[in-house]
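Here's the structure we're looking at; comments come further down.
The values are calculated or read from the model by the stated rules, or taken from the named source; none is laboratory data. Note that the structure is a prediction, hence the values are computed from the model and not measured. Cβ: placed from backbone, ideal geometry, glycine included. Neighbour counts: every protein chain shown. Accessible surface is based on the protein model in full, side chains and every heavy atom, while ligands, DNA and RNA are left aside. Shrake-Rupley method; radii C 1.70, N 1.55, O 1.52, S 1.80 Å.
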Amino acid sequence: MSKKIRKPIKNEKDFSGKILKILSQSPNKAFNYKQIGAKLELDDTKSRNQIIKDLKILAASKKIIESEPGKYLIKAISQDYYEGTIDMTSRKTAYFICPEFSEDVFIPTNNLNRALDKDKVKVYVYNRRKGKRPEGEVIEVVERNKTEFVGVIDIQANFAFVATANPKMYTDIFIPKDKIGEAENGDVVLVTIEDWPKRADSPFGSVIRVLGKPGEHNTEIHAILAEYGLPSDFPVEVEVFAQKLDTSIQESEIAKRRDMRDTLTFTIDPKDAKDFDDALSFKKLENGNFEIGIHIADVSYYLEEGTILDDEAYQRATSVYLVDRVVPMLPEVLSNFACSLRPNEEKYTFSAIFEVSPNAQVINQWFGRTVIYSDQRFAYEEAQYIIETKDNTIPVDISITGDSYVVSDEIVDATLKLDELAKILRKKRMQNGAISFDKVEVKFNLDAEGEPEGVYFKVSKDANHLIEEFMLLANRKVAEYIGKQKKTFVYRIHDEPNEDKLIAMQTVIAKFGYKIDFRNKGDISKSLNALMEEVNGKKEQNLIDTLAIRSMSKAKYSTENIGHYGLAFDYYSHFTSPIRRYPDVMVHRLLQYYLDGGASVDEEVYETKCLHCSNMESLATNAERDSIKYMQVKYMQDHQDEEFLGVISGVTEWGIYVEIVSNKCEGMVRIREIKDDYYTFDEKQYALVGATSNSILQLGDEIYVKVKNADLVKKQLDFHFLRRAE
């Protein structure tokens, strides 16, 4: 039988990474070039000579040891190998994130060795000397972050390639002819990576699902969900299970609960809301105090552990709020009907009931299962009208019923008193160091087909703050009640801000004449609040709001309570939105279990669940952002001939990012498109500087732009630079 000769790998500069991987997998065994060649399935002369050369280079650089002539070992007990995560850039290079390094390790393109963004990898780190940036080489992909990708398929005669719009995905995906499925050339598809052969420049995959044609509304929305591994529909068996649930209100169940049906109760939600998680009840007490109930949909009553419905809700972990739709955590029969606290209906609830003094001190508290009857449903605009005017007649232009209607004096009085108490609670919170981020939220008016007709900005007012403060009160008191018992619980935690990010932010805001006080964490929060107040309504507001939010640590779920820095609470949890957040369901279950006298549960089990919920929340947030970007691009497609005033929101060596003042849409003006001079990037000034005129374009400058290109697939806007604002 003739020996099979392998061809050399194309375009392979060297085999260093592969050699290091082979030696590291057998750290106590010495290999010669023939054995390494056999492991790599290479025995042609060119490859053999390259292996010999690479072995000598690796030995000279002390990455490996020549234990005897021609035989090599990996360095024993080397401290140069670390496990961590790859963070790809859009330039086909990456950084290695590892807790053992104070700074990120740079990974050049040719050292990636098939690692993709967010993969868990083993890396060899070199250049660890002082004053030199550490660099590394991926030795092994330990675990893929994801294997499914969305892209556009390019079908050739005998195969296809799928190219993704993700700038961090540096390779396309090869699809064999028999794995193209029903896809047609140019379709947007979801593919899975199945293999990455040693000889292949691209990974091999197969088409899982055809999403549609690029640029079509539903295609792009489904592509956003698929890109983050988020579902768009419920499995049939889950829908069937939910439909079979008994959602009627039973006298036998009411008898087990505190009956609150005769207490004045109402909801305040967005005008277009369908799932009403929370309601407030209000009663004046004879001693001059007030009984305030925060009543939350009792989802855990219907969502039994171990069922396919509960498994599906846990996997989703959160509802996803895209620009034109909601992808709910629970099927509609629960989210919009059985669990939703709809007006003039009896509902099972889990409640936090407080006796509160006129100066908003909590005198007594009670937690448990209840039954309520909602007397009124308000939109925020209606409640705001009552707060501002004290009028009980809701006008037509803000009415959710479409007609003017009269609210009872009892509800008006309750709303006004709750607003008064909420303002006291909010003031106390701010005095304790809470940070107020009332960032402008971009919303779109959509027609029946989901096409954007206009843009408006959602701003929090007193009615929003009213609900917020009482939800915060319930969340805080529930967490405090269990936390002081030292039992395992699901907390919502928020660490102190990242000092490096705050310093970077200070560099930027100094250009506008602002500063942050770094003396202690209390000063930082007060300073940030003062900054938010000072920039309110100014052209640089959105930029500085965004920088401030990015400087903050990310809130997450954990069984380890470190408090919530942004809210200035020692104890905080999520209790108030179980229709749309699975952690709230866990909190309800644990709270009832502990109220019944249960012992502390397994912390490790719940920490795993917390990590899953935090990860799913992050994916949902990214999908929501992408859907807004998509709609902004779609909106701007219809305004290509218009001039817009914009603010420079970012400066890089390849151009400037510009945010349009009137609609908050952001796009790029590439440096080569600015024709009045030859500009270069000045990193110290965060500015572009003209070579002949010394003219400066920097953060916060106002300029006029026009749409050059609106790419729906990439969710990317390019602008023409027209002129500076006078």
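Overview of results
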| read-out | value |
| --- | --- |
| Candidate set from the stretch 477-490 (those that are open to solvent by 10 Å² or more (accessible area, probe 1.4 Å) and not polar (S, T, N, Q)); member that is farthest from residue 600 (Cα to Cα) | 477 |
| Only one of 657, 635, 606 that is assigned to a strand (DSSP E or B) and open to solvent by 20 Å² or more (accessible area, probe 1.4 Å) | 657 |
| Residues of the stretch 712-726 that turn out to be farther than 17 Å from residue 674 by Cβ and touching a helix residue (DSSP H, G or I) at 6+ places or on another chain (Cβ under 9 Å), as a count | 5 |
| Residue 20 at pLDDT 85 or above and within 21 Å of residue 198 (Cβ to Cβ) | no |
| Among the candidates 333, 323, 299, 356, residue that is of a type in the set (A, V, I, L, M, F, W, C), in contact with a strand residue (DSSP E or B) (Cβ under 7 Å, 6 or more places away or on another chain) and either over 27 Å from residue 424 (Cα atoms) or open to solvent by 20 Å² or more (accessible area, probe 1.4 Å) (or both) | 323 |
| Residue among 460, 404, 399 that is more than 28 Å from residue 516 (Cβ to Cβ), among the small types (Gly, Ala, Ser) and open to solvent by 30 Å² or more (accessible area, probe 1.4 Å) | 404 |
| Extreme residue, modelled with the lowest pLDDT, among residues of the stretch 58-89 that are open to solvent by 50 Å² or more (accessible area, probe 1.4 Å) and of a type in the set (Lys, Arg) | 75 |
| Within the stretch 681-701, considering residues that are of a type in the set (D, E, K, R) and out of contact with any strand residue (DSSP E or B) (no Cβ under 6 Å at 6 or more places or on another chain), the one surrounded by the fewest Cβ atoms within 10 Å (Cβ to Cβ) | 684 |
| Those residues of the stretch 281-294 which are open to solvent by 20 Å² or more (accessible area, probe 1.4 Å) and in contact with a Ser or Thr (Cβ under 7 Å, 6 or more places away or on another chain), in sequence order | 283, 289 |
| Condition met for residue 84 (closer than 15 Å to residue 135 by Cβ and without any contact (Cβ under 8 Å) to a residue 40 or more places away in the chain) | yes |
| Criterion violated by residue 545 - all others in (1) acidic (Asp, Glu); (2) surrounded by fewer than 18 Cβ atoms within 10 Å (Cβ to Cβ); (3) touching a Lys or Arg at 6+ places or on another chain (Cβ under 8 Å) satisfied | (2) |
| Tally of residues being among the basic types (Lys, Arg), free of Cβ contacts under 8 Å to residues at least 24 places away in the same chain and surrounded by fewer than 16 Cβ atoms within 10 Å (Cβ to Cβ) across the stretch 191-244 | 1 |
| Residues (more than 21 Å from residue 725 (Cβ to Cβ) and among the hydroxyl-bearing types (Ser, Thr, Tyr)) located in the stretch 653-688 | 678, 680 |
| Matching entry among 457, 489 (being farther than 24 Å from residue 545 by Cβ and touching a residue at least 24 places away in the same chain (Cβ under 8 Å)) | 489 |
| Residue pairs meeting the criteria (Cβ under 6 Å; at least 6 apart or on separate chains; first among the small types (Gly, Ala, Ser), in the stretch 36-55; second in a helix (DSSP H, G or I) and open to solvent by less than 60 Å² (accessible area, probe 1.4 Å)) | 37/51 |
| Single match in 664, 629 (criterion: out of contact with any Phe, Trp or Tyr (no Cβ under 7 Å at 6 or more places or on another chain), closer than 22 Å to residue 325 by Cα and outside any loop (DSSP other than H, G, I, E, B)) | 629 |
| In the stretch 664-680, the residues that are among the hydroxyl-bearing types (Ser, Thr, Tyr) and buried (at least 20 other Cβ atoms within 10 Å of the Cβ) | 679 |
| Condition check for residue 580: assigned by the TED database to the domain that holds residue 278, closer than 21 Å to residue 319 by Cβ, out of contact with any Leu (no Cβ under 6 Å at 6 or more places or on another chain) and open to solvent by 60 Å² or more (accessible area, probe 1.4 Å) | yes |
| Qualifying residue in the stretch 90-105 (condition: outside the structural domain of residue 26 (by the TED database), crowded, with 16+ Cβ neighbours inside 10 Å and aliphatic (A, V, I, L, M)) | yes |
| The stretch 498-535, residues that are surrounded by 12 or more Cβ atoms within 10 Å (Cβ to Cβ), free of Cβ contacts under 8 Å to residues at least 12 places away in the same chain and not in a helix (DSSP H, G or I) | 517 |
| Qualifying positions in the stretch 27-47 - open to solvent by 40 Å² or more (accessible area, probe 1.4 Å) and either of a type outside the set (A, V, I, L, M) or in contact with a Gly (Cβ under 8 Å, 6 or more places away or on another chain) (or both) | 27, 28, 29, 32, 33, 34, 35, 39, 41, 43, 45, 46 |
| Residue 426 vs. criteria open to solvent by 10 Å² or more (accessible area, probe 1.4 Å), part of a helix (DSSP H, G or I) and out of contact with any helix residue (DSSP H, G or I) (no Cβ under 8 Å at 6 or more places or on another chain) | no |
| Options 564, 588: the member that is crowded, with 20+ Cβ neighbours inside 10 Å and either closer than 20 Å to residue 300 by Cα or at pLDDT below 95 (or both) | 588 |
| The stretch 200-251 - residue that is outside any loop (DSSP other than H, G, I, E, B), more than 22 Å from residue 579 (Cβ to Cβ) and of a type in the set (S, T, N, Q) and, of those, modelled with the highest pLDDT | 206 |
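Yes/no matrix, rows are residues, columns are (1) open to solvent by 70 Å² or more (accessible area, probe 1.4 Å); (2) more than 30 Å from residue 39 (Cα to Cα):
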position: 110; (1), (2): yes, no
position: 156; (1), (2): yes, yes
position: 164; (1), (2): no, yes
position: 175; (1), (2): no, no
position: 181; (1), (2): no, yes
